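Have a look at the structure below, then the notes.
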Amino acid sequence: MPESLVSGLSLDRMGRLSEHLEQNYLQPGKLPGYTALVARHGEVAWCDARGLRDVERDLPMERDTVFRIYSMTKPITSIAMMQLYEQGKFLLNDPVHKYIPSWRNLRVYKGGSYPDFKTEPAATAMTIRDLMTHTSGLTYGFTERTEVDAAYRQLKLDGSSILTLDKLVDRLADLPLEFSPGTAWNYSVSTDVIGYLVQLFSGQPLDDYFHEHIFKPLGMTETGFQVRPDQQDRFAACYLHQPGDTMKLQDDPQRSKYLKQPRFLSGGGGLVSTIDDYYRFAQALCQGGEYQGQWIIGRKTLEFMRLNHLPGGKDLPALSIGGFSETPYAGSGFGLGFSVKTDVARSATIGSEGEFGWGGLASTSFFVDPVEDMVVIFMTQLMPSSSYAIRQELRALVYGALD
């Protein structure tokens, strides 16, 4: 029999992906469950939901399951920032201290530990582009690599019940950078600072800005910083990878902090969403900034964001000082808010030059391939995202199904 094709995607061969995940991840208990979606030429060609969204309560994974998307928030925040760029609110080479005066005299770590750091003046001023490309010199506490990130943990700068965007910016002013801005790449709270600047430039709280300028135009009714009461019965449990490839409950959906509106509106990792809601955003990126007649960003602005903006056109392996990322380093650069594939062969993973996307701490991921006019989204809830190489396997199976 001839293969069943939808938008140039073989549904027969996509069955391999379901079988692979079922046999290698769901049955052995490595993952609770997943939803996955592939779209081509503006049409959802394939979608699958398997396993459990809540193992303890034996609740099935479904297409409308609500997920913590963590760092898949970052591209949304970056689009919000570039919407304001299109309004002339700032220039990418503007020093950050132009808008956050307390950051005028940032210093770089040389030795010691919090609060007795030895520092030296930064050799370069941090720019907004540095924030958007994670070349700012900031870091994350959870990386547990340096004395600086130890201070982030002590001050709970990755997020806490008392943290706000204003407090984050104030506290970062007093901490040293890991390096002079623009000289290295390190995954960090930079996009949370971008969220602060979105609020500053727009005069709106970040959640209100997202709703008015991104979610409402795209029809994203399931995405926000809080799981609403009407969503609670669809909210997935989140799990933590354990030695021996098992998992334990990390966040119970019936007692989760996401059930309440947070004080800290994290543009770096605070949103929840569903696979179809995030598809609307990703498809807009695939279509040059427009979805169903609604433009969220200009075509040329998005083209600019998708370029590799790392200093000297270098790739991540050449500039990264940390071991954590939501994408494999090889063959990838970084644009204004997401990774960009610059060398397919070097990446050792099938794909197209110019492919861009990102992932989240609980193993969610998405990518857009403009060459193939394709969007791929994968949702599950297992921390950390480095537990398994699912993202690379997903690419092999999806691209193998293209006609």
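The values are calculated or read from the model by the stated rules, or taken from the named source; none is laboratory data. Remember, it's a predicted structure, so these values are computed and weren't measured experimentally. Here the Cβ is made from the backbone with ideal geometry for all residues, glycine too, and neighbour counts use every protein chain on show. Note: accessible area is taken over every heavy atom of the protein model, side chains too, but ligands, DNA and RNA are not part of it. Shrake-Rupley method; radii C 1.70, N 1.55, O 1.52, S 1.80 Å.
Assuming 0.36 nm per residue, please report the length gained on full extension of the stretch Arg299 to Lys257 beyond their Cα-Cα distance. Intermediate values should be presented prior to the final figure.
Working: separation 42, 0.36 × 42 = 15.12 nm, distance 3.72 nm.
So the extension gain works out to 11.4 nm.
Let me check against my output: what whole-number percent is the relative contact order of the range 35-144, with C-alpha pairs under 8 Å and at least 6 apart? Don't skip to the end; give the middle numbers.
Details: 95 pairs, mean separation 15.3, N = 110.
Across the range 35-144, relative contact order equals 14 percent.
For the range 99-165, what does the relative contact order come out to in percent, with C-alpha contacts under 8 Å and a separation of six or more?
That works out to 23 percent.
Once each part is reduced to its C-alpha centroid, what is the distance from the range 97-121 to the range 132-190 in angstrom?
Comparing the Cα centres of the range 97-121 and the range 132-190, I get a distance of 11 Å.
Classify the range 303-360 from the C-alpha gyration tensor, please: rounded if a/c falls under 1.5, else prolate or oblate depending on whether a/b exceeds b/c.
Cα axes put the range 303-360 in the rounded bin.
Just report the Cα centroid separation between the range 263-301 and the range 357-403, whole Å.
Between the Cα centres of the range 263-301 and the range 357-403 lies a distance of 17 Å.
Rounded, prolate or oblate: which fits the range 28-145 when a ≥ b ≥ c are the square roots of the eigenvalues of the alpha-carbon gyration tensor, with rounded for a/c under 1.5 and prolate only if a/b beats b/c?
Since a/c reaches 1.5 but b/c is at least a/b, the shape of the range 28-145 is classed as oblate.
Give the aspartates and glutamates reachable from Lys314 as a straight Cα distance under 14 Å; neighbours fewer than 8 places away on the same chain don't count.
Filter leaves Asp343.
Assuming R0 = 51 Å, can you tell me the calculated FRET efficiency for the pair Glu120 and Ile350, based on Cβ-Cβ distance, to the nearest 0.05? Kindly include the intermediate steps, with their values, before the conclusion.
On the way: r = 45 Å, r/R0 = 0.88.
It comes to 0.70.
When a/c is below 1.5 the answer is rounded, else prolate if a/b is larger than b/c, else oblate, so apply that to the range 1-85 with a ≥ b ≥ c taken from the square roots of the Cα gyration tensor eigenvalues. Before the final figure, lay out each step's value.
Values: a/c = 2.68, a/b = 1.18, b/c = 2.28.
Because a/c hits 1.5 or more and a/b fails to exceed b/c, the range 1-85 counts as oblate.
What lysines does Lys156 reach when the alpha-carbon gap must be under 23 Å and sequence neighbours fewer than 8 apart in one chain are set aside?
Lys74, Lys110, Lys118, Lys167, Lys257, Lys260
With semi-axes √(5λ) of the Cα gyration tensor in Å defined as stated, name the option among (1) 52, 27, 20; (2) 36, 25, 22; (3) 33, 24, 21 computed from the structure displayed.
The listed entry that was calculated here is (3).
Using the beta-carbon distance between Gln292 and Asp166 and R0 = 45 Å, what value does 1/(1 + (r/R0)^6) give for FRET efficiency, to the nearest 0.05?
The pair Gln292/Asp166 has a calculated efficiency of 0.80.
Determine the per residue accessible area of the chain with all protein chains present and a 1.4 angstrom probe, expressed in square angstrom.
About 39 Å² of surface per residue is accessible.
I need the peptides 72-80, 317-325 ranked by packing, meaning the mean over residues of other C-beta atoms within 10 angstrom, with the highest value on top.
72-80, 317-325
Which of the peptides 195-201, 395-401 is most tightly packed, and how do the rest follow, judged by the mean count of other Cβ atoms within 10 Å per residue? Intermediate values should be presented prior to the final figure.
Values: 195-201: 22.1, 395-401: 18.4.
Packing order, densest peptide first, comes out as 195-201, 395-401.
Using a 1.4 angstrom probe on heavy atoms only, work out the carbon and sulfur share of the accessible area of the chain in %.
Of all accessible area on the chain, carbon and sulfur atoms account for 48 percent.
Taking the Cα atoms only, what angle lies between the long axis of helix 275-286 and the longest principal axis of the chain, rounded to 10 degrees?
That works out to roughly 70 degrees.
Evaluate the relative contact order of the chain (contact order divided by residue number), counting alpha-carbon pairs under 8 angstrom at least 6 apart; express in whole percent.
Contact order relative to length: 22 percent.
With springs only between Cα atoms under 10 Å apart, run a GNM on the chain and tell me which of Phe356, Phe281, Phe304 wobbles the most.
Most flexible of the set in this elastic network: Phe304.
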